[in-house]
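One structure below.
The values are calculated or read from the model by the stated rules, or taken from the named source; none is laboratory data. The shown structure was predicted, so the numbers you read here are calculated from the model rather than taken from an experiment. Ideal geometry is used to build each Cβ from the backbone, glycine not excepted, and the neighbour counts take in all protein chains shown. Accessible surface is based on the protein model in full, side chains and every heavy atom, while ligands, DNA and RNA are left aside. Shrake-Rupley method; radii C 1.70, N 1.55, O 1.52, S 1.80 Å.
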Amino acid sequence: MTVTLSDGRPMPRLGLGTWPMDDEEARQAVTHAVSLGYRLIDTAASYGNEAGVGAAVAEASVAREELFVTTKLRGSHHGYDAAMRGFEESRARLGLEYVDLYLIHWPLPGRDLYADTWRAFVHLREQGLARSIGVSNFTPEQIERVAGETGVWPAVNQVELHPGFAQRDLRAWHAEHGIVTESWSPLGRGRKLLGEPVVADLAAAHGRTPAQIVLRWHLQLGAVPIPKSADPERMRQNLEVFDFGLAEEEMAQLGDLDDPGGRMGGDPDTHVEL
Ligand SMILES: NC(=O)c1ccc[n+]([C@@H]2O[C@H](COP(=O)([O-])OP(=O)(O)OC[C@H]3O[C@@H](n4cnc5c(N)ncnc54)[C@H](OP(=O)(O)O)[C@@H]3O)[C@@H](O)[C@H]2O)c1
């Protein structure tokens, strides 16, 4: 199952998150995930596991073209030249000819270099080294600025998204602008969200696990979730979400968990990441 990005390329509807795995954990997890059928792998320069992800891709049982590898530029490499260097460093660690999706990890508005950084991304796409380019943790204003200065819109914005922080306005804005919403921390990092009574009730009603109910919610919103698991059984269940559906009222019940203050990670306007 894929979604077509605004640049015409297909992106898998669900992927494996790899933070906070180290190289060896990532190598093992990605190898197992690919054998289960995962095709999208999410890593980042700042995770410190690109070499492990790349090793798993090199050893994978499927061809490179069948995999969709995403990595992200870290904050220390904002600016045109630094971004070009950062990409080459990631590519070397991954051991890949190209990445499928390259994201600016955080906008870091205080440094005001994200527009120059985006110019480098546009060139990397023109060179075919990054097949698709996008952003992460960007606001609509920041996206409008990079698109206005280059004429190239990000294909994807990867943002914190789960029923406890549902980002309705941002998702609607993405849809209006042909940007795919990719959900980080799609399970709300496990703990509280998966124990919510409404999630447990829907799981019981469908004969599914709480995580499967939440991942199905993402798919039905049109978002691309990237749940992290290093556990073979949880990896398997997280992928088995394409053969059932939630009714409109069940989607609405999950929607009631939304809390505008439910953000768990950094705020794009203030977060500093190096
Ligand atoms: N762009 C960004 O700024 C940004 C920020 C944060 C994260 N991310 C990306 O998004 C990915 C996912 O986010 P996340 O890791 O923060 O949170 P998450 O995927 O919502 O939750 C991961 C946690 O849930 C557990 N889990 C996974 N599947 C489960 C299941 N079926 N049942 C119960 N528990 C389950 C995992 O433990 P086990 O491993 O033990 O299964 C882990 O503790 C990251 O790995 C990373 O690739 C991006």
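Rounded, prolate or oblate: pick one for the stretch 136-248, where a ≥ b ≥ c are the square roots of the eigenvalues of its C-alpha gyration tensor, a/c under 1.5 means rounded, and failing that, prolate if a/b is larger than b/c, else oblate. Cα axes put the stretch 136-248 in the prolate bin. Proximity of backbone amide H atoms, modeled 1.01 Å from N, is registered between N49 and A44 at under 5 Å, excluding neighbours fewer than 5 places apart on the same chain. Taking the DSSP beta bridges with both ends in the stretch 82-173, the antiparallel portion is around 10 percent.
A 1.4 Å probe over all protein chains sorts R189, R64 by accessible area into R189, R64, starting with the largest.
Ignoring ligands, DNA and RNA, please state the percent of accessible area on the stretch 9-77 from carbon and sulfur, probe 1.4 Å. Of all accessible area on the stretch 9-77, carbon and sulfur atoms account for 49 percent. With 10 Å bins beginning at zero, the pair-distance distribution over Cα atoms of the chain amounts to 7, 31, 37, 21, 4, 0 %. Given a Förster distance of 30 Å, report the FRET efficiency between Q127 and E233 from their Cβ-Cβ distance, rounded to the nearest 0.05. Efficiency at R0 = 30 Å is approximately 0.15. With no solvent and one point on each alpha carbon, what is the Debye value of log10 I(q)/I(0) for the stretch 22-96 at q = 0.12, 0.16 Å⁻¹? At q = 0.12, 0.16 Å⁻¹ the computed log10 ratios are -0.31, -0.53.
Separation of the stretch 21-46 from the stretch 84-137 is 20 Å, based on Cα centroids. Summing charges over all other residues whose Cβ lies under 14 Å from the Cβ of A120, with Lys and Arg as +1 and Asp and Glu as -1, gives 0. Springs between alpha-carbon pairs under 10 angstrom, Gaussian network model over the chain: which of Q127, Q158, Q212 fluctuates most? Highest fluctuation of the listed residues: Q127. In a DSSP loop and with at most 16 other Cβ atoms within 10 Å, the GluC sites (Glu not before Pro) in the stretch 1-99 are E97. An ellipsoid equivalent to the stretch 1-144, defined through the eigenvalues of its Cα gyration tensor, has semi-axes of 25, 16, 14 Å when rounded to whole angstrom and sorted largest first.
Expressed as a whole percentage, what fraction of the accessible surface of the stretch 140-274 belongs to carbon and sulfur atoms when a 1.4 Å probe is rolled over the protein heavy atoms? Roughly 51 percent of what the probe reaches on the stretch 140-274 is carbon or sulfur. The 3J(HN,Hα) values that the Karplus relation (6.51, -1.76, 1.60; θ = phi - 60°) gives for the stretch 44-54 are, in residue order, 6, 4, 6, 6, x, 10, 4, 5, x, 4, x Hz. Gly and Pro appear as x.
In whole angstrom, the stretch 223-273 maps to an equivalent ellipsoid with semi-axes of 26, 21, 9, each derived as √(5λ) from the alpha carbon gyration tensor and ordered largest first.
Summarising the amide proton neighbourhood of L40: residues at separation of 5 or more, or on other chains, whose placed amide H is nearer than 5 Å comprise L16, F68. Short-range pairs are left out: with C-alpha atoms under 8 Å and at least six residues apart, the relative contact order of the chain is 19 percent.
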